Amino acid sequence: MNRQQMLLRLSFMLSAVTALVLDQVTKMWVMQNMALGQSVPPDGMVRFTHVRNTGVAFGLFPNQTFIITLLAIAGLIVLLIYYRLSPFRNIYTYLGLGFILGGSSGNLIDRIRLGYVTDFIDLRVWPVFNIGDSAVVLGTGLMLYYFLFKYKK
């Protein structure tokens, strides 16, 4: 393995671990310091609001934890296979896959451990979300950026 390959793998691992740790630490802080349903500040365009999400994105399919958990595990397996077999070996895809893995894993840990995902970032015009969700969006954005603007056939 050459130096560039090592740095790419390191970027994958660091982005995954960073997303996972930030996700879990912030959720733990919210659960320990905020009552369910509490918003800080009470008003404002951006606030923290402690909610539980038993569904998927935007609260779709509530109370389907078992099925959602199985689908999440399958998705993570597919992501890891893609990481190992992908011909696209560049910083965008490695960071992107790492952020997606870390964010998805954080939400999966919640589903397995608690039966729901803790969400808290409240923009008032969008469903409440968390750091793991943000990491998945960031990772997807990095990969889209690569495929739309950097990839040359």
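No lab work stands behind these numbers, since they all come straight from the coordinates. This one's a predicted model, so the numbers in the text were calculated from it and none came from an experiment. Don't worry about glycine lacking a Cβ; one is built from the backbone with ideal geometry, like all the others, and counts go over all protein chains shown.
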ask   = Since Phe48 meets every condition but one in (1) assigned to a loop (DSSP other than H, G, I, E, B); (2) touching an Asp or Glu at 6+ places or on another chain (Cβ under 7 Å), which condition does it not meet?
value = (1)
message = Residues that are part of a helix (DSSP H, G or I) and farther than 20 Å from Asp122 by Cα: does segment 21-38 have at least one?
response = yes
message = Given the criteria crowded, with 22+ Cβ neighbours inside 10 Å and among the β-branched types (Val, Ile, Thr), does Val78 qualify?
response = no
task = Filter segment 79-94 down to residues that are part of a helix (DSSP H, G or I) and over 22 Å from Ala57 (Cα atoms), then give me how many there are.
result = 9
query = Which members of segment 114-130 meet the condition of being part of a loop (DSSP other than H, G, I, E, B) and either within 14 Å of the chain's Cα centre (by Cα) or more than 13 Å from Ala57 (Cα to Cα) (or both)?
reply = Gly115, Leu123, Arg124, Val125, Val128, Asn130
message = Can you go through Ala74, Ala16 and tell me which one is among the small types (Gly, Ala, Ser), in contact (Cβ under 8 Å) with a residue 24 or more places away in the chain, more than 22 Å from Trp126 (Cβ to Cβ) and assigned to a helix (DSSP H, G or I)?
response = Ala16
note = Within segment 1-13, of all residues that are in contact (Cβ under 8 Å) with a residue 24 or more places away in the chain and either surrounded by 15 or more Cβ atoms within 10 Å (Cβ to Cβ) or not in a helix (DSSP H, G or I) (or both), the one nearest to the chain's Cα centre (by Cα) is Phe12
task = Scan segment 107-125 for residues that are closer than 15 Å to His50 by Cβ, of a type outside the set (Phe, Trp, Tyr) and buried (at least 17 other Cβ atoms within 10 Å of the Cβ) and jot them down.
result = Asp110, Val117, Thr118, Asp119, Ile121, Asp122
